[in-house]
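No value in this document is a laboratory result; all are computed from the given coordinates. Since this is a predicted model, take the numbers as computed values, not measurements. Note that each Cβ is placed from the backbone with ideal geometry, even for glycine, and that neighbours are counted across all protein chains shown.
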Amino acid sequence: MCITCKNANNPATADALPSEPVLFTVRDEPTTLKEFLYVYNKNNLNRDTVDPAADLKEYLELYVNFKLKVQEAKEAGMHEQQAFIDELAGYKKQLAGPYLTEKAVTDKLIREAYERLGTEVNASHILIGLKPNPLPADTVAAFNKIKKLRERALAGEDFHELARQFSEDPSASMNGGNLGYFTALQMVYPFENAAYKTAVGDISRPVRTRFGYHILKVHNKRASQGKLKVAHIMVRAEENAPQEQATAAEKKIQDIYKRLKEGGDWQQLAKQFSEDRSTKSKGGELDWFSTGSLVPEFEEAAFSLQKKGQITEPVRTPYGWHIIKLLEKQTLPSLEEMREDLENRVSRDSRSQLQEKALMDRLRRDNNFRENETVLQDLLSKADSVLQVRSGANETDSLEAARVVFSINEEPYSVADFSSWLSANAGKKQNIDSKQYLRSQYERWQNEELLAYEEAHLEDKYDDYRMLVKEYHDGILLFQLMDEKVWTKALEDTAGLKNYFQNNRGQYQWDERIEGVLLSASNAELLKQVEEALSKPPYVAAQGTLGSLQIQQEALSGNTARTLDKLAGTLHQDSTAVLEVYVPQKQVAAVSLIKKHLQAQALAENRYKILPAAKDKEGSVRVLTYSPMALERQFNQKTSLALQVIEGPFEKGTHPVVDGIKWQPGSYRVQQDGRAYLVKVDKVLPPAPKKLDDIRGQVISDYQQYLEKQWIDSLRRKYEVQVNQELLEKAISSINEE
């Protein structure tokens, strides 16, 4: 249960409001009925109970216990530790996200993007470029230029020819400004808007983007072709390649195409002959793509394919020749399927500026934002001197510095505040008009302060947010304290664990049980082979080679040592296992080093044997075991489902097959659920006490619960708890009526 408390950085806003009725207190720390019911309903949303009153009372006890632990953490000052403050601040930042967005605007943009993804637009454009933060005169000149070009195009001049002559898009000289087909979220948002809002055959009005001014001519619109996954075989031939090279490339691609039509293997031909190094090793496979992602020639050919496995004839693109094979085709998914992806893409797209503007407009309205236009204009008129102050060239007049530029809920933000922010945050001015630059930095500062103010007051405005912050606050404290008092203590307190086990041995008793093994095979014939192997222990659990057994500075080589270390680890996990090391006669000098190395791995001498290798054989190792589990390795080489081995002991209810046989020593064969079983019963054991090592995990869990109960009892004695019984009964009555 991860619940909550007040914000350590802002206790005044997180405390229970005086007007809210208090359900209980822990050492005068109030918990309101509202908070309790919020947490109760959140954690019991799908709980079906026949007695809601009893359920509520039971949950109240749990919640009081929780608050006792939180109080203890606060008494210890854990909420004042920097690590805690930093962790909570990180969570608060994440929790604030949904409250600092305009959901209605986001939903509208998502729906608009989805609807546009259903249509593809073919358009050409002319660009008159502008540098970032252009001077007003440059902006006017660019606008006038694009306006005249639009007038010429409307008068009948060829749009593509105008693009070749005047467009400042570098590709226009070759493609006449034609962008091919594209769809939503592939162009900057203002450009996309113009494309979708301009009718086929029309020329748009001038559109301003971060690149400059554009006009668009829309040639066609069509339904979305969806997404494709294709593979290709490519022979490189740049458009300006010498004729001899171009001819050779075309001949090569035609020869590959002929081989494919005659039944040649695509994967093999792609690996042998494709000149796309990034894809040839995987059969030429490309990532999923949609319209507007690749060059038009490639896309047109790829989207013409209708059936999986179908291939195109050789296709020429600016990069060379391609043969394209269709692997998969996907239509546009539903809006709900795409919503998460669209939300992420919209947030990264230039249309996110609309979200930011809507948010800032709301924050200004909600927080009584007032701007002093006179002070602002005075500030902008002195842009050069203000920027000099920022760089330390001058000092700001104290009276001037105190003037208020704007206020948020009557909280003033002065010229001095802006100057300090400029010194710490503003970027390099570059080649831009001082007044324009200062205005952009002022707007940036204003937005940051509005966001910071809103974030600092979210707990005052939104109950859900306040409750969530309390939940994380208390949850972090509780985790740290529970780890210290219960979880880690139970793991490390070995003496306490043994004492708890001894005092509660009556709880840890074996029922009657079978000692033996259960083998489950995929069929009866395999089970017969397994049974024969089972009768011939020991079994090979692992094996390998030791290579040349090289000795380096009176020690085994790294490879040999690593092999022995790995096998020694196997022996430590299996008490029945024995390691056999076979050493060639010519390398007998390594025997003493092998013994020394194994002894260093804490292996007793009876756990390993060093034997001579067969004549002309290299050094090798193997692990032999009496555990039938090793048979899984032997019989599951082709499929991991062929054989399953489970070693006992088995109590009633452990396995349905074991439950169904006679509980007497012997071997039992069973066919069940399409598998063949062999149960080998060595003996039937009577009820007996369990050993701690057999059930250590269960005992640790029980010991943790014991420690927690003891701890809560001590907290109940330490802190006074007062419950408003009258208020509790009213809450119970309300729930019963529902």
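Quick look at the numbers
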| item | result |
| --- | --- |
| Segment Glu336-Lys662, extension gain: residue separation times 0.36 nm, minus the distance between their alpha carbons | 111.7 nm |
| Whole-Å distance, taken between Cα centres, linking the range 415-483 and the range 314-386 | 21 Å |
| Distance between the range 141-219 and the range 248-265 - C-alpha centres, whole angstrom | 41 Å |
| Which listed pairs, of Lys536/Lys615; Lys536/Lys680; Lys227/Lys258; Lys145/Lys357, have C-alpha distances above 20 Å, in listed order | Lys536/Lys615; Lys227/Lys258; Lys145/Lys357 |
| Per-peptide average of other Cβ atoms within 10 Å, ordering 563-570, 676-683, 94-101 highest first | 676-683, 563-570, 94-101 |
| Per-peptide average of other Cβ atoms within 10 Å, ordering 490-500, 471-481, 249-259 highest first | 471-481, 249-259, 490-500 |
| Residue-averaged 222 nm ellipticity for the chain, from DSSP H runs of 4+ at -39500 (n - 2.57), nearest 500 | -14500 deg cm²/dmol |
| Helix runs (DSSP H) in the chain reaching 24 Å along axis by Cα, Kyte-Doolittle at least -1.0 | 52-75, 136-154, 463-482 |
| Residues Ser293 and Trp487, FRET efficiency given R0 of 41 Å [Cβ-Cβ distance, rounded to 0.05] | 0.20 |
| Signed unit charges on C-beta, dipole axis of the chain, positive-most listed residue Val315, Ala155, Leu519 | Val315 |
| Net charge, Val540 excluded, C-beta distance under 9 Å - Lys, Arg +1, Asp, Glu -1 | +2 |
| Unsatisfied cross-links (Cα-Cα over 27 Å) in the set Lys92/Lys131; Lys148/Lys435; Lys131/Lys217; Lys103/Lys147; Lys67/Lys730 | Lys92/Lys131; Lys148/Lys435; Lys103/Lys147 |
| Rounded FRET efficiency, nearest 0.05, which uses the C-beta distance separating Tyr462 from Arg152 and R0 of 45 Å | 0.20 |
| Nearest-0.05 FRET efficiency for Glu328 and Arg236, computed from C-beta distance (R0 25 Å) | 0.45 |
| Centroid-to-centroid separation of the range 675-738 and the range 66-134 [C-alpha atoms, Å] | 40 Å |
